[in-house]
1. How far apart, in nanometres, would the label points at Arg146 and Gln214 be if each is projected 7 angstrom from Cα along the Cα-to-Cβ direction?
2. Figure the gain on full extension for Trp114 and Glu139 (residue separation times 0.36 nm, minus the Cα-Cα span) and round it to one decimal in nm.
3. According to a simple spin-label model (label point 7 Å from Cα along Cα-to-Cβ), what is the distance in nm between Val224 and Glu14?
4. Could you work out the Kirkwood radius for region 194-250, taking every pair of different alpha carbons, averaging 1/r and inverting it, reported in Å?
5. How much length is gained if the chain between Ala72 and Arg85 is pulled fully straight, taking 0.36 nm per residue apart and subtracting their Cα-Cα distance, in nm to one decimal?
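Every read-out reported here was derived from the displayed coordinates using simple, explicitly stated rules and does not represent laboratory data. Treat the numbers as computed from the prediction; the structure is a model and nothing was measured. Please note: Cβ atoms are built from the backbone with ideal geometry, for glycine as well, and neighbour counts cover all protein chains shown.
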Amino acid sequence: MPNESVIRKFSKDEIIAAIQECAAKLGRAPTRTELLRVSALSPTSIDRQFGNYTNAVRACGLKREGGGVPVALDNLFRDWARIVREMGKVPTVVEYGQRSNYSQNPLRHRFRSWNLVPSSMIEYARENGLEQQWADVLEIAEKRCRRGFARGFKPTVPAMLPLGTTILKDRPVYGASLIEQAMCFAPVNEMGVVFLFGAMASQLGFMVTWVGTQFPDIEAIREVEPGRWQRSRIEVEFQSRNFLQHFHDPKECDLIVCWEHNWPECPIEVVELKELIAKIAKIEKRERWGGREAAER
């Protein structure tokens with residue numbers, strides 16, 4: 001039997017009346033999902049008459065979160081996670097637009113790329129203790145991220161300004177950076193090494209999934225072969241020998257990331273950022289001068 005809500009055409013007045021009735025019961029403007037759950041309306045009928053749901057709510061004289069008002073990330077996460085759970089997969093932009101209480105714009109403004117939404121939502125859930133509640137959703141999102149890694153996708157985007165950033169009047173404004181590094185000077189402590197590793201993680205073949213204050217400091221997914229990734233437990237130290245001074249157990253850690261490697265007998269793998277940066281600088285210099293010589297010829 002065909003669905004009556006699909007074949008019936010609702011007028012603007014009927015849609016407005018349905019929204020106002022639902023709002024009276026809730027004491028606020030309903031979300032689109034809430035409205036569709038208790039009425040015979042369909043998304044198509046609303047879009048046909050008003051263009052989108054936000055316009056329909058405005059026509060009722062109501063205000064709805066969104067529509068120019070920044071939406072809290074917690075609300076965006078729960079709405080996105082609900083859709084993932086219902087669909088059993090990460091939604092495309094079109095699918096999200098059809099099922100979400102919001103437009104795609106709040107997520108695009110925050111993360112600049114739709115491909116970055118799954119990994120960003122995983123990070124948000126872990127930082128806010130939502131892993132258990134949304135375990136099935138995070139599993140689906142992680143599988144999606146792994147498929148992206150296998151296709152060669154690197155989760156990097158151009159530098160972005162946070163929402164609402166303004167130019168401060170009490171300090172100068174600088175011109176564009178003349179160096180292509182996130183950190184201008186060498187680190188002098190462990191926190192500097194943490195920041196530098198984060199800035200270089202993608203370049204080194206890592207995707208950071210968690211950062212904490214207990215040993216080990218970082219969990220990351222590491223590309224061990226082209227298109228093949230594994231979880232890696234990472235401890236960050238300014239000097240590798242500090243690992244001993246902190247009485248850490250090598251069996252509980254897969255890798256030490258440090259600025260300076262001064263522990264030759266270390267039983268686990270060490271990534272020395274000082275050495276890597278020197279190599280990268282040497283390669284860039286060789287490529288720069290090689291290009292200049294070729295141009296001169």
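1. 2.5
2. Details: separation 25, 0.36 × 25 = 9.00 nm, distance 1.82 nm.
So the extension gain works out to 7.2 nm.
3. In this crude spin-label approximation the distance works out to 6.0 nm.
4. Evaluated over region 194-250, this radius sits at 12.1 Å.
5. Details: separation 13, 0.36 × 13 = 4.68 nm, distance 2.02 nm.
That works out to 2.7 nm of additional length.
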